[in-house]
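Below: the structure, in structure tokens.
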Amino acid sequence: MANFWSRRDFLFQSGGGMSGLALAYLLNQEGLLGAAPEGGACDAKAVGYNPYAPRKPHFAPRATSVISLFMSGGVSHLDTFDPKPALQKYAGQPLSGKGEVVVRQGNPGPLMPSPFQFRKHGQCGMDVSEIFPLISQHVDEMAFLRSVYGKSNDHVQATYELNTGKIQMGLPSVGSWVTYGLGSENQSLPAFVVIYDHRGGPLGGPSNWSAGYMPAAYQATIFRSAGDPIIDLKPPAEVSPEQQRDRLDLLAKLNQMDLKNYPGSSELAARISSYELAYRMQGCAPEAVDVNSESEATRKLYGMDDKTTEPFARQCLMARRLVERGVRFVQLYHGGLGQQNRDTWDAHDDVKENHTRHAAEVDRPISALLTDLKARGLLDTTLVVWHGEFGRMPISQKGVGRDHNPGTMTMWMAGAKIKGGQIIGASDEFGYKAEQQPIAVHDLHATMLHLLGVDHTKLTYLFNGRNMRLTDVYGELIPQIVA
Amino acid sequence: MPVGAPGSFASRTSLKRRAKLLFVWAFAASASIGAAQQTVSFTTDIRPVFESSCWKCHGGAIQLSKLDLRTRDAALKGGDKGAAIIPGKAEESRLYRLVAGIEKPAMPLDGKLTAGQISIIKDWINQGAPWDAISETTGSRPPASAQLAALEEMRISPEARSYWAFQKPVRSPMPVVSRDLTNPIDRFLEKARTDKGLKPAPRADRITLLRRAYMDLIGLPPTPAETADYLADRSPQAWEHLIDKLLASPHYGERWGRHWLDVARYADSNGFEHDYDRPDAWRYRDYVIRAFNKDIPYNTFLAEQIAGDELDRVTDDSMIATGFLRSYAKVGYREKDNPQFRYEYLDDMIGTLGRGVLGLTVNCARCHNHKFDPIAQKDYYQMQASLFGYVETDYPLASKEQAEAYAQKTAEIDGKIAPLRQKIRQIEEPYRSRLAQEKYKKYPANVQRAIAIPEEKRTPGEALLAGQVIRTTSVSSDEIDRAMSPEELAQKKGLNEQIRTLQSERPKPLPTAAIVTDGDYRFTPDGAGDEPAPGKGVKQEITEGSFLFKGPGRYQPPPSYFLIRGDPESRGSLMKPGFVSVITYGNPPVEDPPANGRTSGRRRALAEWLGSQENPLTARVAVNRIWSHHFGQGIVATLDNFGKMGEKPTHPELLDWLAVEFMSRGWSIKQMHRLMMTSEAYQMSSQYQDAGDAERDPDNQYLWRYRIQRLDAEIVRDAMMAASGALDLTMGGPPVFPHIPGEILRSMSEGIWRREEDGPRVWRRSVYVYRKRGLPFPMFEVFDLPDQNTSCGRRNVSTVPTQALTLLNDEFVLRQSKLFADRVKEAAAGDSAKVVDLAYRIALSRPPREDEAKLAAEFLQKRSLADFTHVLLNLNEFLYVR
């Protein structure tokens, strides 16, 4: 364990001053230098100097990849998975007895019941709102966390917290940590992929998936859901593939000739192989996300044939294909820039209208993703996490909407051999604050890393003289999840 | 990394709540005493209120409005506004009237007393305001608990102080070496190499050196003509002349200024959700470039950035320089509702000064004493006190007369417009309420019902519901226009016309710099989005006077405190300004007020301490940075951390010798370049191979050959445009917005990326590209642009396929390749051998070798010249300095 991170730390901590010789020495130790990169294959394994080389976890992992489903704007727990009869009983009365009522917009309104009906589902008898008729069929495979709380009622800061553990900008995201810790099983595709909503990215933008103080190699690569998945993946149409290949061939020859003058410099060798990797990615990335190659039945299952569900169905199907090909961490955003109250889950204006519409967009795709992962035997090795950036208020905004509430939210996890059908933690009778077993975001992150075989207290990155951690000095495993 | 910052929203509010609960409890007890007609006790009932809510502005540290509430005499005497207390007459006492909100501004400014507290003050004054306690003339707080005292004090052991970096550098004796070496740097290096049994590389060839010097000092490759000139100069001083020429180039500042801008975490936008534009930030960027070009002594450079407003000679440039302090990422929304934000900004300043100037992680001591270095938490809060007076403001870059004339004219116009606006509001009012009524109809029945019920009859829930809707329903001017009678509409239009005419007389805004000076942050004007939420924060309108000190007398900074665990709600002692004790020698002043008395002089004292020869770290850290950029690695590899967790110096004597030399040469950075670049070490070959050396020192820690370095992100782009001939070398001014694909623009929150076509207008040097915190320029990001939110001394260097994809497929790169091809085609007039030769000379400063020329000729049989130039821009040789 002592040497667990040492080689890579060495490569990056020494930054620009890295001597090629030292690197060559290390690579030779591993018998890597001089081996020609495999050509063509889309499941290429790591060769040569490579920040994505797969690395052994601290202990046997429960899952090897993650799909994060981020419901941007803040999905209401009270109208989805955390029913509160007290809201019916005390409807129209002020919220009292729970301390200061902190709202984001204007002044507090009175308590407001959910406009939706809840029904019991599965063997576990889990209450799910009527807006998720299909997701509710999977409750026996899902673990619900009803007491997750955050630190900010501001979208951006809350989204940063869910992604990086802190409300500030510029810290490495959980996907970066996972990639840094575990590398990738597939060297022809990026290790950490983000696919955001067709309406635009989430609030807070690229800082949500940045590598912060780590090398840029660990930030997410954005995959577009239409056209070439990666910006600059392919040359413009006027450059033919043969032309591109000729350029690459000449480049390789000239670089190889030059390398003879610098035999000890593996940085230069690494650059040469990075071009081969890029070339492979050009072929492999479009194939990896080619949802048209899926069977008609699968496409239908996800809802590719319905224009309401098609955009998120495409994202979910891409995610499954990527995970299937060994991509480590895929994060999907539902809800994106545009008009905040309309295009995200940010239901200030009308929670019924907003959540009905957004649930309809994700219900079938998410249900299909779970079905499909299971059918392919991938669910056991994939951790699926669903959440927004905060919950919403039990009190109304103007009789119809709900304001932000970081006091508690409900999220669920599935896959990774997690015991399904369980409810963990509880919010108070109004759903204003986490009450039983409050779960901080650091706890969530610690648990996610644990499921991937990583000890959150040991995954560190030296920065500014301190061994930084995703969970800072905090983080408790959620016992019911890791059991 | 601020440990545990910024506190947790949840825990902080709960702390606050707990404190409030305690108060309520305390008052429940005392109120019952009051009800029984018992005497109110100053000590038990009043003093706690004064202590927590009044004395911070009317106590020992400051007496706003000259009011001191520490003694009965002083309270009876009162301040600028007259007596605060008239014993026996609460209703006539200003103190009561202000805390009860009967008179404005309601006190305290940062919150409201509870009803219980207000009523007990009333009773106390009515009972004659007896001051039964021992009078509080010293202004000291009650004795701190032993625990607090223990927290606040940390003894630094003599051993801790003996750590090498905390000792002042002394000029090390010149080592004796067997070779004849004139440059002292080489003698230190040779000594270390000899000790390790290492042999140095020979001198690199002239072209390699020429390119090394150009890329290193100005970040641009030499043109073929410049290369020819240099090769033609066979004099022994050719190298020295070249260095002098490059140091005199204005592009030197663009290259080395950029290094400092990384440290200064400079950006053109705020960051966070709104990521507002900072329209004048570029003036600071240009200042930095100018400062490097002028070779302003490094300690003066620091002083201007930290205290440019407090210096004996204040210039426009020194004012602009203070932009350094405010280059932190800023939320820029509801700042007044969230006083804790300011502590984050202060932390960022302390962090930047600590790591960037001192090479110490001072900000690790925010919540507790530093875990590894002898830095006390108190040091942190003393440094915070040194900076605590800071406020952000705009500074007109104009003469005093111009500025006054501008202010006068603006005030005059505002004065004329105000009554016209008032008139319009009067006309609109009846329509406004009628139209609002209409709007209520779109709400659900329960909301309409609540609104219909008369205010006094609403249940608490109905009151909330109705209040929410009534307060937030707005009627626009256009909606009113549509409902107005033609006569009134005409009247309104007439008034608006008058306003427009007045507006057109407004003088053109003066250019301004975004600066920092001292003032009172509690009264600063609201920025965009800062309007406090109803019932929260401090409204600008109710504050009096200015947040900037206008005299008479001397400015006093607002008090700042030791914060337990870094929590702004958990105050310890009042803090005096001060520095990091373990590296403070002698007894330097902690305040050095300028003659005009407008600022405290605390920042000036801080700058003097930093830039003093007595400071053991400033010079070391500076020369180490310069060294690192020249040699690819610092003598201390961790440029920002000279503490225990940092790397040890590879050549401690050399580092100290350089630091002393730097100070004795007047902190001249250019002289350090000259000194380092004229060493043999700088001129060594990077190709050199030696099995013995490689085995003994595989990391090349002891510099037995030169280290190759990948070009920085900005220089990759600049070098491509230099090769294509498209680069516009215009210096300075507002930033440019090179093209970013729409898909990427959609990933960020709000658009302040001006959508410009890729073209000559934006083909400026990369230091002038807009720095948006929320959206790093993609091409730079891919080549390891550091995070733009924190100070960065040394960039990561990674090699990833996305870099290859960018250089292979990005439209900008392809376009530059094409322009490059056109350029050589035209110059070589179709002679294909000459074309290749010229392309090589432009891109790589050398002619092609025979085998390369042959490959090129074969390639050009089949492919275009633009295909070929594109390959050149992708070569390792193009992307590395070596």
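The values are calculated or read from the model by the stated rules, or taken from the named source; none is laboratory data. No experiment lies behind these values; they were computed from the predicted model shown. We place every Cβ from the backbone using ideal geometry, glycine too, and count neighbours over all the protein chains shown.
This table checks each residue for (1) within 14 Å of chain A (Cβ to nearest Cβ); (2) part of a helix (DSSP H, G or I); (3) at pLDDT below 90.
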site	(1), (2), (3)
B:Ala463	yes, yes, no
B:Arg471	yes, yes, yes
B:Val475	no, no, yes
B:Asp481	no, yes, no
B:Lys493	no, yes, no
B:Leu502	no, yes, no
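Each row is one residue, and each column tells you yes or no for (1) in contact (Cβ under 8 Å) with a residue 40 or more places away in the chain; (2) in a loop (DSSP other than H, G, I, E, B).
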site	(1), (2)
B:Ser791	yes, yes
B:Ser798	no, yes
B:Ser817	yes, no
B:Ala821	yes, no
B:Val835	no, no
B:Ala866	yes, no
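Residues that are within 11 Å of chain A (Cβ to nearest Cβ) and in contact with a Leu (Cβ under 9 Å, 6 or more places away or on another chain) within region B:706-730 comprise B:Ile708, B:Arg710, B:Leu711, B:Asp712, B:Ala713, listed in sequence order.
The residue that is farthest from the chain's Cα centre (by Cα), counting only those in region B:687-718 that are among the hydrophobic types (A, V, I, L, M, F, W, C), within 27 Å of B:Leu775 (Cβ to Cβ) and crowded, with 22+ Cβ neighbours inside 10 Å, is B:Val716.
Somewhere in region B:692-705, is a residue at pLDDT 90 or above and among the polar types (S, T, N, Q)? Yes, there is a match, as at least one residue in region B:692-705 is at pLDDT 90 or above and among the polar types (S, T, N, Q). Count of region A:188-219 residues, restricted to those that are touching a residue at least 60 places away in the same chain (Cβ under 8 Å), of a type in the set (A, V, I, L, M, F, W, C) and facing chain B (nearest Cβ under 8 Å), is 3. Among the criteria (1) surrounded by fewer than 21 Cβ atoms within 10 Å (Cβ to Cβ); (2) more than 9 Å from every other protein chain (Cβ to nearest Cβ); (3) among the hydrophobic types (A, V, I, L, M, F, W, C), the one B:Phe777 does not fulfil is (1). Of the residues making up region A:122-166, those that are assigned to a loop (DSSP other than H, G, I, E, B), on the phi < 0 side of the Ramachandran plot and not charged (D, E, K, R) are A:Gln123, A:Cys124, A:Ile131, A:Phe132, A:Pro133, A:Leu134, A:Gly150, A:Ser152, A:Asn153.
Just for region A:74-105: of the residues that are in a loop (DSSP other than H, G, I, E, B) and of a type in the set (D, E, K, R), which one is nearest to the other protein chains (Cβ to nearest Cβ)? Break it down stepwise before answering.
If we filter region A:74-105 for residues that are in a loop (DSSP other than H, G, I, E, B), which is where we start, we get A:74-84, A:90-105.
Filter once more, keeping what is of a type in the set (D, E, K, R): A:79, A:82, A:84, A:98, A:100, A:104.
Values: A:Asp79: 16, A:Asp82: 18, A:Lys84: 16, A:Lys98: 11, A:Glu100: 6, A:Arg104: 9 Å.
Filtering first and then ranking leaves A:Glu100.
Please verify whether region B:332-341 includes one or more residues that are within 13 Å of chain A (Cβ to nearest Cβ) and assigned to a helix (DSSP H, G or I). If you could, list the steps in order and put the result at the bottom.
Let us first name the residues in region B:332-341 that are within 13 Å of chain A (Cβ to nearest Cβ), namely B:332-335, B:337-338, B:340-341.
From what is left, the residues that are assigned to a helix (DSSP H, G or I) are B:340-341.
Among the residues of region B:332-341, at least one is within 13 Å of chain A (Cβ to nearest Cβ) and assigned to a helix (DSSP H, G or I), which makes the answer yes.
The set of residues in region A:452-479 that are of a type outside the set (A, V, I, L, M), in contact (Cβ under 8 Å) with a residue 12 or more places away in the chain and outside any loop (DSSP other than H, G, I, E, B) comprises A:Tyr461, A:Phe463. Could you look through region B:602-640, keep only residues that are within 11 Å of chain A (Cβ to nearest Cβ) and of a type in the set (Ser, Thr, Tyr), and pick out the one that is farthest from B:Gln683 (Cα to Cα)? Looking at residues that are within 11 Å of chain A (Cβ to nearest Cβ) and of a type in the set (Ser, Thr, Tyr), I get B:Thr638.
Residues in region A:311-324 include at least one that is of a type in the set (S, T, N, Q), within 19 Å of the chain's Cα centre (by Cα) and at pLDDT 95 or above. The sole residue among A:Leu462, A:Leu452 that is at the interface with another protein chain (Cβ under 10 Å from one of its Cβ atoms) and of a type in the set (A, V, I, L, M) is A:Leu462.
Every residue, every condition in (1) of a type in the set (Gly, Ala, Ser); (2) in a loop (DSSP other than H, G, I, E, B); (3) closer than 20 Å to A:Asn261 by Cα, yes or no:
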| residue | (1), (2), (3) |
| --- | --- |
| B:Phe642 | no, yes, no |
| B:Thr650 | no, yes, no |
| B:Glu653 | no, no, no |
| B:Ala659 | yes, no, no |
| B:Tyr702 | no, yes, no |
| B:Arg705 | no, yes, yes |
| B:Met721 | no, no, no |
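One residue alone among B:Leu360, B:Leu464 is more than 30 Å from B:Val636 (Cβ to Cβ) and either crowded, with 19+ Cβ neighbours inside 10 Å or in contact with a His (Cβ under 7 Å, 6 or more places away or on another chain) (or both), and that residue is B:Leu464. Filtering region A:356-369 to residues that are within 22 Å of A:Gly74 (Cα to Cα) and in contact (Cβ under 8 Å) with a residue 40 or more places away in the chain leaves A:Thr356, A:His358, A:Ala359, A:Ala360, A:Glu361, A:Val362, A:Asp363, A:Arg364, A:Pro365, A:Ile366, A:Ser367, A:Leu369.
Selection of region A:110-123 for residues being touching a helix residue (DSSP H, G or I) at 6+ places or on another chain (Cβ under 6 Å), more than 14 Å from chain B (Cβ to nearest Cβ) and buried (at least 17 other Cβ atoms within 10 Å of the Cβ) yields only A:His121.
Listed by first and then second residue, the pairs linking a residue in region A:256-267 that is facing chain B (nearest Cβ under 7 Å) to a residue that is among the acidic types (Asp, Glu), with Cβ atoms under 6 Å apart and 6 or more places separating them unless they lie on different chains, are A:Asp258/B:Glu877. Taking the criterion of being of a type outside the set (Lys, Arg) and facing another protein chain (nearest Cβ under 7 Å), the residues of region A:232-242 that qualify are A:Asp232, A:Leu233, A:Pro235, A:Pro236. Against the list (1) in contact with a helix residue (DSSP H, G or I) (Cβ under 7 Å, 6 or more places away or on another chain); (2) in a helix (DSSP H, G or I); (3) modelled with pLDDT under 95, the condition A:Arg342 fails is (1).
Within region B:267-286, residues that are more than 16 Å from B:Ala513 (Cβ to Cβ) and at pLDDT 95 or above have Cβ atoms under 9 Å from residues that are assigned to a loop (DSSP other than H, G, I, E, B) and of a type in the set (A, V, I, L, M, F, W, C) in these pairs: B:Ala267/B:Ala329, counting only partners at least 6 apart in sequence or on another chain. Against the list (1) outside any helix (DSSP H, G or I); (2) crowded, with 21+ Cβ neighbours inside 10 Å; (3) at pLDDT 85 or above; (4) within 7 Å of chain B (Cβ to nearest Cβ), the condition A:Pro229 fails is (4). Only residues that are surrounded by fewer than 16 Cβ atoms within 10 Å (Cβ to Cβ), away from chain A (no Cβ under 11 Å) and not in a helix (DSSP H, G or I) were counted across region B:837-860, and they come to 1. Within region A:268-284, if we keep just the residues that are of a type in the set (Ser, Thr, Tyr) and more than 7 Å from chain B (Cβ to nearest Cβ), the residue that is farthest from the chain's Cα centre (by Cα) turns out to be A:Ser273. Every listed requirement among (1) within 9 Å of chain B (Cβ to nearest Cβ); (2) assigned to a loop (DSSP other than H, G, I, E, B) is met by A:Ser184 save one, (1). The residues in region A:300-351 that are polar (S, T, N, Q) and under 24 Å from A:Asn405 (Cβ atoms) can be counted, and the count is 5. How many residues does region A:243-255 contain that are facing chain B (nearest Cβ under 7 Å) and not hydrophobic (A, V, I, L, M, F, W, C)? Final tally of qualifying residues: 5.
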